[in-house]
Amino acid sequence: MFAIALKADRYPTYVLSDSETGARLEIVPERGGIVTRWQVQDQDILYFDEERFANPELSVRGGIPILFPICGNLPDNAYTLNGQPYTLKQHGFARDLPWQVVLQDVREAAALTLQLTSDDQTRSVYPFDFRLQFTYRLHGHILDIQQQVTNLSDQPMPFSTGLHPYFWVKDKSQLSFELPAQQYQNHITGELEPFPGSFDLNQPEIDVALRPLSGTAATVTDIDLNRRLTLNWSDAYSTLVFWAVKGKDYYCLEPWSAPRNALNTSQELLTLAPQTTCETNVRLAVAFL
């Protein structure tokens, strides 16, 4: 049986649940439409930093932040469009703005649809009219995230979209990876390097963009926690970012539609014709060993 409840917390929090499997998902529309918690069989799947979340001046570290209209950062946070310079901070603005709940459904899953639309604030850094709708569907051990981007402008709209999930881990040495790439760009050194199928998790920080991708699925097995995480994504996603910091109980595996700085380079940049909609999907599934 599926259900959706509203919890009075620091911010209004929607709780999606599947009583048959004990799965639970918490979403905070007011703080960037972020998923703050995902539990399967009473186990937390996501890492979440409550202290940073309590300070609205800080970016949230944890959960599943939404990336739009860029993924990653731009040099000097700047880009030029039609000869006009703009400033846009890392990962864009969608993760910082309040979203509106527009639909709830508990028939075939616990499903919540959120919406974000352009306004004067967004147009000052990204000169387009748009509508974003994200639908989170919880059923069993699966979380589906359907994303719809609609260009309401009278000109083509370039953009990137992505997710930045933080997965909880106790012992990174117990992780094994099946990732569909043979090379990556090291964001720290800027170098293109071969991907041997694993990472040296003793490094202070790992920040790499795996591409080109040879498939639309990735698997991380956590032997210590006896569970396997599988990500699937639609063809719009060209890049898979892996990020981990030594001493922190998380790793990030992030599907991006384009690499860093795509608004300037146009590399893998999505462009949406006026009055049309682009739909993308990401599925996260947990299996216990």
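Looking only at residues in the stretch 45-61 that are acidic (Asp, Glu) and part of a loop (DSSP other than H, G, I, E, B), which one is modelled with the highest pLDDT? Within the stretch 45-61, the match that is modelled with the highest pLDDT is Asp49.
For the stretch 166-181, state whether one or more residues are more than 21 Å from the chain's Cα centre (by Cα), in a loop (DSSP other than H, G, I, E, B) and modelled with pLDDT under 95. No: zero hits.
Kindly establish whether Thr36 is at pLDDT 90 or above and surrounded by fewer than 18 Cβ atoms within 10 Å (Cβ to Cβ). It would help to see each step written out before you state the result.
Numbers: at pLDDT 90 or above: yes; surrounded by fewer than 18 Cβ atoms within 10 Å (Cβ to Cβ): no.
For Thr36, the condition - at pLDDT 90 or above and surrounded by fewer than 18 Cβ atoms within 10 Å (Cβ to Cβ) - is not met.
Do we have Arg10 as modelled with pLDDT of 95 or more and either under 15 Å from Trp168 (Cβ atoms) or basic (Lys, Arg) (or both) here? Spelling it out, it is not the case that Arg10 is modelled with pLDDT of 95 or more and either under 15 Å from Trp168 (Cβ atoms) or basic (Lys, Arg) (or both).
Of all residue pairs spaced 6 or more apart or on separate chains, those with beta-carbon atoms under 8 Å, a first member in the stretch 133-151 that is at positive phi and in contact (Cβ under 8 Å) with a residue 40 or more places away in the chain and a second member that is of a type outside the set (Lys, Arg) and part of a strand (DSSP E or B) are Gly140/Asp18; Gly140/Ala23. Among the residues of the stretch 39-59, just one is among the aliphatic types (A, V, I, L, M), in contact (Cβ under 8 Å) with a residue 24 or more places away in the chain and open to solvent by 40 Å² or more (accessible area, probe 1.4 Å), namely Ala54.
Residues that are open to solvent by 60 Å² or more (accessible area, probe 1.4 Å) and part of a strand (DSSP E or B) were ranked within the stretch 191-231; the one that is farthest from Glu268 (Cα to Cα) is Arg228. Would you pick out the residues in the stretch 60-96 that are among the hydroxyl-bearing types (Ser, Thr, Tyr) and either under 30 Å from Arg227 (Cα atoms) or touching a residue at least 60 places away in the same chain (Cβ under 8 Å) (or both)? Across the stretch 60-96, the qualifying residues are Tyr79, Thr80. When we screen Val208, Val241, Val220, Val245 for residues that are over 24 Å from Lys89 (Cα atoms) and modelled with pLDDT of 95 or more, the only hit is Val220.
Restricting attention to the stretch 99-117 and to residues that are buried (at least 17 other Cβ atoms within 10 Å of the Cβ) and not in a strand (DSSP E or B), the residue that is farthest from the chain's Cα centre (by Cα) turns out to be Ala109. The set of residues in the stretch 14-33 being touching an Asp or Glu at 6+ places or on another chain (Cβ under 9 Å), open to solvent by 10 Å² or more (accessible area, probe 1.4 Å) and not in a loop (DSSP other than H, G, I, E, B) consists of Tyr14, Val15, Arg24, Glu26.
Looking only at the stretch 124-143, how many residues end up being in a strand (DSSP E or B) and open to solvent by 20 Å² or more (accessible area, probe 1.4 Å)?
5
Of everything in the stretch 73-87 that is open to solvent by less than 70 Å² (accessible area, probe 1.4 Å) and in contact with a strand residue (DSSP E or B) (Cβ under 7 Å, 6 or more places away or on another chain), the residue that is nearest to Ala5 (Cα to Cα) is Asn77.
Residues are listed down the side, and each one gets a yes or a no for (1) at positive phi; (2) among the hydrophobic types (A, V, I, L, M, F, W, C):
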| site | (1), (2) |
| --- | --- |
| Glu205 | no, no |
| Pro212 | no, no |
| Asp222 | no, no |
| Thr230 | no, no |
| Leu253 | no, yes |
| Pro259 | no, no |
| Glu268 | yes, no |
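Applying a threshold of 8 Å to beta carbon distances and a minimum spacing of six or more residues, or different chains, the list of pairs starting in the stretch 167-185 at a residue that is closer than 25 Å to Val60 by Cα and among the basic types (Lys, Arg) and ending at one that is open to solvent by less than 50 Å² (accessible area, probe 1.4 Å) and assigned to a loop (DSSP other than H, G, I, E, B) reads Lys170/Leu225; Lys172/Leu201. The residue list Gln146, Gln121, Gln90 contains one member that is assigned to a strand (DSSP E or B), out of contact with any His (no Cβ under 9 Å at 6 or more places or on another chain) and surrounded by fewer than 20 Cβ atoms within 10 Å (Cβ to Cβ), which is Gln146.
The values are calculated or read from the model by the stated rules, or taken from the named source; none is laboratory data. No experiment lies behind these values; they were computed from the predicted model shown. Cβ coordinates were reconstructed from backbone atoms using ideal geometry, including for glycine residues, and neighbour counts include every protein chain displayed. The accessibility values were calculated without ligands, DNA or RNA, using every heavy atom of the protein model including side chains. Shrake-Rupley method; radii C 1.70, N 1.55, O 1.52, S 1.80 Å.
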